1. Is the shape of the stretch 2-173 best called rounded, prolate or oblate, per the rule: a/c under 1.5 gives rounded, else a/b larger than b/c gives prolate, else oblate, with a ≥ b ≥ c the square roots of the Cα gyration tensor eigenvalues?
2. Evaluate the charge dipole of the chain about its Cα centre and quote only its size in Debye, nearest 20, assuming +1 on the Cβ of each Lys and Arg and -1 on the Cβ of each Asp and Glu.
3. Per residue of the chain, what 222 nm ellipticity follows from adding -39500 (n - 2.57) for every DSSP H run with n ≥ 4, rounded to the nearest 500?
4. Test of the criteria: in the stretch 179-281, which GluC sites (Glu not before Pro) are in a DSSP loop and have at most 16 other Cβ atoms within 10 angstrom of their Cβ?
5. With the crude spin-label approximation of a point 7 Å out along Cα→Cβ, what separation in nm comes out for Thr7 versus Asp30?
6. Would you mind working out the magnitude of the charge dipole of the stretch 181-342 relative to its Cα centre, with +1 at each Lys and Arg C-beta and -1 at each Asp and Glu C-beta, to the nearest 20 Debye?
7. Which residue, chosen from Pro36, Met149, Ile124, occupies the Cα position most advanced towards the positive end of the dipole of the stretch 2-173, where the dipole is computed from +1 (Lys, Arg) and -1 (Asp, Glu) charges on Cβ about the Cα centre?
8. Note down the nm distance, to one decimal, between modelled labels 7 Å out along Cα→Cβ at Asn181 and at Thr50.
Amino acid sequence: MRADSLTISPVENRRELEEFIRLPWAIYRDDPLWVPPLIPMQREFLRHDTGPFFEFGEATYFLARRGDQVVGRISAHTNGLYERYHDTDTGFFGFFESENNRETAHALFDAAADWCRQHGKHKIHGPLSFGIYDEVGLLVSGFDTPPCMMHTHNPPYYEDLVLSWGFTKTYDWYAYRVLRNPDMDVARMRKMRDAILSRNKCRIVPIERRDFARRGEEIKELFNDIWSKNWGHVPLTDRQFKDIFVTLQPLVRPDLESMILEEDRIVAFAVVSPDLNRSVKRFNGTFGLWQKLQLLYDCRVRPLTHCRAIIMGVARSHQWKRLHHAIILNIFINFLENHPQMESCDCSLIPESLEQWNKTLMDFGAERYKVFRLYDRLI
């Protein structure tokens, strides 16, 4: 496919995959907030023989060139698990990056749409890189703050590139930020938390590192059940769960993780991690032994300043019992009592349809500071 000097071609070898991975360094060279991805992890994630997505999905990557210069990229993919739980008409795009040029972006979208159409799809949806629990959505609000770990980040002009091709909004995901506030009343928070737990005959305890192995399957099944009614949910596979949670296990601090127990059964939990992006930004894509040790030190030893609440959930059998209040209050209490240098905690991503969670976070003083948007278009 050609338009003047513009060429769109699929990635067919390792050299071209390297060009695909390294393009963002050109797109974001003047963006001080951008956090470079870790190149070795990107390679493993994108390669068909190592990436967890390829247990159930197919994908092709495309590069846009003007002459010899790479000026854009995109993935087109299908998701077998999505088709099992939702529909068989939808294909996806992700990993979108482009120069500020509609011609380039539209040619990339055309290539992704053609690929999806050839695979029997009638709609293209995204950006998802690759799935709903990977990096999701186009940043449309919150360009003045750095991305938290596992957040997407893009120039503001991307929204014009997407909309001008004919995409329309499908769904929004929100990121909230809780800033340290000297007026927070820890005693009052503890009283509220304990009253909720007492009323429901539950207790809240840390998730120790050994519990990740002992209770891993229980946590995975609970997560999949909690989120089963949410928009776009696709259950996490064992491999995905391992990649997300077990990989994080050495980096988390046990006091940041919590679960609410009814007798010995988990009925709610929260997984909170130091914001890895604060360290990763300094690595500029490199991730050798020295960077791994530095990341381990930053997460396990260095005083915490920024965290992300990655997952919070309450068992469907216990929803409407205000256990989500207890989980959020416990996070706040822990930061105020045990981490005096903590500046903020990101709580994300929250689907726009979860009105109860959105309202509770704002009631407790969180501010919505980023919006990530998904789009689709019939093809």
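Bear in mind that the values in this text are calculations on the coordinates, not laboratory data. Here the structure is a predicted model, which means the values were calculated and not measured. For neighbour counting, all protein chains shown are included, and Cβ atoms are generated from backbone atoms with ideal geometry for every residue, glycine included.
1. Working: a/c = 1.21, a/b = 1.14, b/c = 1.06.
Because its axes are fairly even, with a/c under 1.5, the stretch 2-173 counts as rounded.
2. Working: 50 positive and 52 negative charges, 192 e Å.
Value, rounded to 20: 920 debye.
3. On the way: 14 runs with 130 residues, N = 379.
One gets -10000 deg cm²/dmol as the mean residue ellipticity at 222 nm.
4. Details: sites: Glu208, Glu217, Glu218, Glu221, Glu257, Glu262, Glu263; in loops: Glu208, Glu257, Glu263.
Listed in order of number, the matching sites are Glu208, Glu263.
5. My value for the distance between the label points is 2.8 nm.
6. On the way: 27 positive and 19 negative charges, 35 e Å.
Result for the stretch 181-342 is approximately 160 debye, rounded to the nearest 20.
7. Ile124
8. If labels sit at Asn181 and Thr50, their model points lie 4.5 nm apart.
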